[in-house]
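First comes the structure, then the notes that go with it.
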Amino acid sequence: MITLGDMADVRSVAHRGDLFEQRIREQGSEELGRRIDLLVAGCAHDPPPYLDRFGAKVTGVDEDLPAVRALMPGRTELHAWTLGDLRSVPIPPRSFDVIQVTFVIERIQHAELVLDRMLNGLRPGGLLLLRMRDRSTAYGLCDRLTPSWLRRLLWRRLVRAEVREQIAGPLPAVYEPVASREGMHAFCLMRGLMITDDVTTVSGPARGRIGSAVVRVVDKLSRGRFTSSYDEVTMVIRKPHNHFARLI
């Protein structure tokens, strides 16, 4: 479920001792030695955090596409995996301590429904680890406005052949309102969720010479409405222990 520059970003952040690893380790210490159950949504190209000598049962879910299905037998770090539509693929309630979602929310329709299903799969006190592109940034605007024919052309010209063989082509840039910092904060507020970490950075195509020039022009023409200061948002969201914490 990754497109264009997202592939390199996923692989780089997954093994650098990043925020996700730290929060999972902290979650494990709270469980007093019990093995952590981790779900990776969009697992075909999203490795789980590197957790050396740290017990975790890792389950993956992703779209049921030929390119994705061909990759799954090689994902030996997954204890189990399921392919299907994230809006309907089985996610047992209260089955996971941590759910990792990387560069997926901005690429799918009915994103709030998918998020609600994942939250239902979290145990009380569990963590949702979220990384996404922000629709309200200059990069997000460019990604949304790029026509499908141009996206396919850029895919063929900018993505290496060996990577193209492993990914099912560029996905639509859906970017529903929840795929933004403001949208995610509103989503969490309405569901009584706590955002413990909220980090922004510049990554992917926006870091390149051409990409950075384009987003700066968009920022200037929009008078800062669509910022070029970041394009990627990383959040750690905690589900409350008390189910009555949900706001009405």
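Give the residues of segment 19-44 that are open to solvent by 10 Å² or more (accessible area, probe 1.4 Å) and either within 26 Å of VAL89 (Cα to Cα) or of a type outside the set (Gly, Ala, Ser) (or both), sorted by residue number.
Once the filter is applied, which keeps residues that are open to solvent by 10 Å² or more (accessible area, probe 1.4 Å) and either within 26 Å of VAL89 (Cα to Cα) or of a type outside the set (Gly, Ala, Ser) (or both), segment 19-44 yields LEU19, GLU21, GLN22, ARG23, ARG25, GLU26, GLU30, GLU31, LEU32, ARG34, ARG35, ASP37.
Only one of VAL214, VAL218, VAL163 is open to solvent by 60 Å² or more (accessible area, probe 1.4 Å), part of a helix (DSSP H, G or I) and either modelled with pLDDT under 90 or not small (Gly, Ala, Ser) (or both); which? Show your work before the answer.
Details: VAL218 fails: open to solvent by 60 Å² or more (accessible area, probe 1.4 Å); VAL163 fails: open to solvent by 60 Å² or more (accessible area, probe 1.4 Å).
Exactly one of VAL214, VAL218, VAL163 is open to solvent by 60 Å² or more (accessible area, probe 1.4 Å), part of a helix (DSSP H, G or I) and either modelled with pLDDT under 90 or not small (Gly, Ala, Ser) (or both), namely VAL214.
Could you tell me whether segment 176-187 includes any residue that is open to solvent by less than 80 Å² (accessible area, probe 1.4 Å), at pLDDT below 95 and outside any strand (DSSP E or B)?
Checked against the condition, which is being open to solvent by less than 80 Å² (accessible area, probe 1.4 Å), at pLDDT below 95 and outside any strand (DSSP E or B), segment 176-187 yields no hits at all.
For segment 208-224, which residues satisfy the criterion of being without any contact (Cβ under 8 Å) to a residue 24 or more places away in the chain and among the charged types (D, E, K, R)?
ARG209, LYS220, ARG223
Can you run down the residue pairs with Cβ atoms below 8 Å, 6 or more apart or on separate chains, where the first is in segment 76-105 and under 20 Å from LEU171 (Cα atoms) and in contact (Cβ under 8 Å) with a residue 24 or more places away in the chain and the partner is open to solvent by 70 Å² or more (accessible area, probe 1.4 Å) and in a loop (DSSP other than H, G, I, E, B)?
From segment 76-105, the pairs are ARG87/HIS110.
Suppose we filter segment 188-210 for residues that are assigned to a helix (DSSP H, G or I) and either more than 23 Å from CYS142 (Cβ to Cβ) or under 17 Å from the mean Cα position of the chain (by Cα) (or both); how many remain? Steps first, answer last, please.
Residues of segment 188-210 assigned to a helix (DSSP H, G or I): 188-190, 204-207, 209-210.
Now restrict to residues that are either more than 23 Å from CYS142 (Cβ to Cβ) or under 17 Å from the mean Cα position of the chain (by Cα) (or both): 188-190, 204-205.
Qualifying residue count for the region: 5.
Could you say which residue among PRO73, PRO66, PRO47, PRO92 is closer than 28 Å to HIS241 by Cβ and either out of contact with any Pro (no Cβ under 7 Å at 6 or more places or on another chain) or modelled with pLDDT of 90 or more (or both)? It would help to see each step written out before you state the result.
Details: PRO73 fails: closer than 28 Å to HIS241 by Cβ; PRO66 fails: closer than 28 Å to HIS241 by Cβ; PRO47 fails: closer than 28 Å to HIS241 by Cβ.
None of the others qualify; the one that does is PRO92.
With the requirement that a residue be on the phi > 0 side of the Ramachandran plot and open to solvent by 20 Å² or more (accessible area, probe 1.4 Å), what does segment 92-144 give you?
Of the residues in segment 92-144, the ones on the phi > 0 side of the Ramachandran plot are 94, 103, 110, 125.
Answer for segment 92-144, where residues must be on the phi > 0 side of the Ramachandran plot and open to solvent by 20 Å² or more (accessible area, probe 1.4 Å): ARG94, HIS110.
Test each condition in (1) open to solvent by 60 Å² or more (accessible area, probe 1.4 Å); (2) in a strand (DSSP E or B) for VAL233 and report the one that comes out false.
Looking at each condition in turn, VAL233 falls short on (1).
Regarding segment 197-204, can at least one residue be identified that is free of Cβ contacts under 8 Å to residues at least 40 places away in the same chain, surrounded by 13 or more Cβ atoms within 10 Å (Cβ to Cβ) and more than 16 Å from ILE105 (Cβ to Cβ)? Walk me through how you get there before you give the answer.
Just the residues of segment 197-204 that are free of Cβ contacts under 8 Å to residues at least 40 places away in the same chain, to begin with: 198, 201-202.
Going one step further and asking which of them are surrounded by 13 or more Cβ atoms within 10 Å (Cβ to Cβ), we end up with 198, 201-202.
From the residues that got through so far, the ones that are more than 16 Å from ILE105 (Cβ to Cβ) too are 201-202.
The answer is yes; a qualifying residue exists.
The values are calculated or read from the model by the stated rules, or taken from the named source; none is laboratory data. These figures come from a predicted structure and were not determined experimentally. Every residue, glycine among them, receives a Cβ derived from its backbone with ideal geometry; neighbour counts consider all protein chains shown. All accessible areas refer to the heavy atoms of the entire protein, side chains included, with ligands and DNA or RNA removed. Shrake-Rupley method; radii C 1.70, N 1.55, O 1.52, S 1.80 Å.
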